[in-house]
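Below is one structure, written out as C-alpha cells, with a few remarks after it.
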Amino acid sequence: MADIKVPVFSESVSEGTLLTWHKQPGEAVKRGDVLAEIETDKVVLEVTAQADGVLQSIAKNEGDTVLSEEVLGVMGDAGSAHAAPAAKATEEETSGPIADEKSAGGTAVQPDSTGTQPAAQGAERREDLSPAVRKVVTENNLDVSQIPATGPRGNITKQDAVVASQGGSTDQGPQKAAAPASAKPAQPAPSAIIPSGPRTEQRVPMTRIRARIAERLKEVQNSAALLTTFNEVNMQPSMDLRKKYQDQFVAKHGVKLGFMSLFVRAATEALKAFPLVNASIDGKDIVYHGFYDIGIAVASERGLVVPILRDTDGMGLATIEKEIAGYAAKARSGKLTMEDMSGGTFSITNGGTFGSMMSTPIINAPQSAILGMHNIIERPIAQNGQVVIAPMMYLALSYDHRIIDGKEAVQFLVMIKNLLEDPARMLLEL
C-alpha cells in the first residue's frame, strides 16, 4: 500500500484544484499511467503512478482544493485487485444503479419519452448517491425522489442535483411547466417585446488559470502606468524572404519559416539597442537584464499562457521556430510546466492569427513592455511618390511609462519596423 500524493508545488503556488481522475478505485494501474490532473493558477499537473498496482481508494473528489504533497488516494499491490473497495465516486460520477427487473423484489425502471430516468423513492435513493451528489442534496435539502435522473441506469448525476437546487430541470424536452388554470396571463404594453424560446443561463466557476490571469492583469492595470504606441510595417520584404527560401529552409531544418521567428529576432536586436525596454522595476530600483528571454503568448483551451524563449540572442530562426512549435504543442495538450512559463523580460502576442486589426496589449508583469502583432491586410500606401498596394500590419507596443519614456518606446518600435522591412539587416546585425 502506498499513498498517492499531490506533486510539490513551486513557491509561488499555494494550492490547486483536482480536475479529474483518470482511474477509478479497483482499476489496475501500470507505472507511468496518469492517475489524476491538478490545475494550479499556472499549469495543469499530472499525477502519475510510481509503480504497477491497483487504485484502492481516493481521498479527494474532482473539484476539491488540494495542497502540496496532500494525500489524494491509496495504491495497492497488483495482486490486490480483487480486494479493492467499491469505487468511490468523484464529482462527475453518478449514484448507484437502480434495481432492474431481475433484482430480488425489484421493478424495472423504464425511461420516459425524453430519455430521462425517473427518480426512485425516498431515502433508499439517498443511500445510493455519490459523495458529490449527496453533498449538493444535503446542502440544498433536496428531495431525491423529485430529481429527474439523466445518468446511466437512472442514476442521479451531480449536474442533475445542481440543476434541481437552482429550481430547474435537466429534461431536454421543450415543454415548460403549465401555468395553473386560474392564472391569467399578464397583458403587456403594446410596445413591449416578448422574448420567445428558451432563455437559459449557466453559472460556471472560473478555472484557477483563468482566475489567476484576471488577477494578474488587473494588478498590472492598477500598478503600472500603461501606454501604447503604434506603427505599421510593410510585410512585403519579409514575405518575399519566406517565399524565396521556404523550401530550402524546410528541407534543412524540418520546420517552416514563419513570421514569429522574424519578429523575435527583430525584437531581440531592438532590446539590445534599448535596454530599458528589457528592464523591470523592483521597488524603487530598475533591474537591467543582461539576457533576452522573450515570452510568446499562446492561446490554449484553459486560457492564455506565455512560455518563454530563453537567450534569444543566441538563437537562429530555425531554433526559434522549433521552440515555438514545441511550446504550442505542449499548450494544446496541457503539458506546459511552471518552468516553461517562469521569468521572461519581454513578450510578444499575435492577435493577427484571430483576425485582430489593432489592439492595446497589457504587459506581463514584472516585464515592462509587450509587442502586439496584428493581421496583414493589403492596403494602398504611398511609396516613392506612387500609390501602391502593400501587405501592411499594424504594430502596437504597450509599455510601463514609469520606466520607459515615449522616446525610447517609439524608437524601439521604429527599429523593429525597419528590421522587418529590410530583414537582411537582422542577419548582418545592422
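The values are calculated or read from the model by the stated rules, or taken from the named source; none is laboratory data. Note that the structure is predicted; figures quoted are calculated from it, not measured. Heads up, the Cβs are rebuilt from the backbone with ideal geometry, glycines too, and the neighbour counts pull from every protein chain shown. The accessibility values were calculated without ligands, DNA or RNA, using every heavy atom of the protein model including side chains. Shrake-Rupley method; radii C 1.70, N 1.55, O 1.52, S 1.80 Å.
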Margin query: If amide hydrogens are placed 1.01 Å from N in the peptide plane, which non-local residues have theirs closer than 5 Å to the one on HIS22?
Written below: ALA36, GLU37
Next item on the list: Take the solvent-accessible surface of the protein heavy atoms, probe 1.4 Å, and return the percent of it on the range 24-71 that carbon and sulfur atoms account for.
Entry: 44 percent
Item checked: Alpha-carbon centroid distance for the pair the range 321-339 / the range 195-264, whole angstrom -> 14 Å
Next item on the list: Report the full-extension gain for the segment ARG379 to ASN231: residue separation times 0.36 nm, less the Cα-Cα distance, to one decimal in nm.
Entry: 51.8 nm
Notebook entry, point to check: Just in the range 25-72: which trypsin sites (Lys or Arg not before Pro) are loop by DSSP and have at most 11 other Cβ atoms within 10 Å?
Noted result: LYS30, ARG31
Notebook entry, point to check: If the label point is 7 Å along Cα→Cβ of ASN418, which residues in the range 245-266 have backbone nitrogen under 15 Å from it?
Noted result: 266
Checklist line | Cα-projected label distance for ARG203 with PHE354, points at 7 Å along beta-carbon direction, nm | finding: 2.7 nm
Check: Under the Karplus relation 6.51 cos²θ - 1.76 cosθ + 1.60, θ = phi - 60°, what is the ordered set of whole-Hz ³J(HN,Hα) values for the range 138-147, x standing for Gly and Pro?
Finding: 5, 5, 9, 6, 8, 8, 5, 6, 9, 9
Next item on the list: Mind giving me the nanometre distance, one decimal, between the label points for LYS135 and ASP285, set 7 Å out from Cα along Cα→Cβ?
Entry: 4.4 nm
Notebook entry, point to check: trypsin sites (Lys or Arg not before Pro), restricted to the range 213-293: which are DSSP loop and have at most 10 other Cβ atoms within 10 Å?
Noted result: LYS284
Next item on the list: May I ask you to evaluate 6.51 cos²θ - 1.76 cosθ + 1.60, the Karplus curve with θ = phi - 60°, for each residue of the range 13-27 and list the ³J(HN,Hα) values in order in whole Hz, giving x for glycine and proline?
Entry: 10, 9, 7, x, 10, 6, 6, 7, 9, 9, 10, 10, x, x, 8
Margin query: Need one value: the accessible area of PHE230 in square angstrom, 1.4 angstrom probe, rounded to the nearest 10.
Written below: 90 Å²
Checklist line | Computed accessible area, THR207, all protein chains, 1.4 angstrom probe, square angstrom | finding: 60 Å²
Checklist line | Environment charge at LYS252 (Cβ cut-off 13 Å; Lys +1, Arg +1, Asp -1, Glu -1) | finding: 0
Notebook entry, point to check: So between ILE194 and VAL250, what do we pick up on full extension, going 0.36 nm a residue minus the alpha carbon distance?
Noted result: 14.2 nm
Margin query: Just to check I understand the Karplus step: with θ = phi - 60° and J = 6.51 cos²θ - 1.76 cosθ + 1.60, what whole-Hz values come out for the range 57-64, glycine and proline as x?
Written below: 7, 10, 9, 10, 9, 4, x, 6
Checklist line | 5 angstrom amide H check on GLN56, placed H, neighbours 5+ away | finding: GLY26, VAL74, MET75, GLY76
Next item on the list: Report, by chain and number, residues whose modeled amide H sits under 5 Å from the one on GLU70, excluding near sequence neighbours (fewer than 5 apart, same chain).
Entry: VAL6
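Once you've got the Cα coordinates, tell me which of LYS5/LYS284; LYS60/LYS330; LYS218/LYS272 are over 32 Å apart. Don't jump to the answer; show the numbers that get you there.
On the way: LYS5/LYS284 41 Å; LYS60/LYS330 27 Å; LYS218/LYS272 30 Å.
Beyond 32 Å: LYS5/LYS284.
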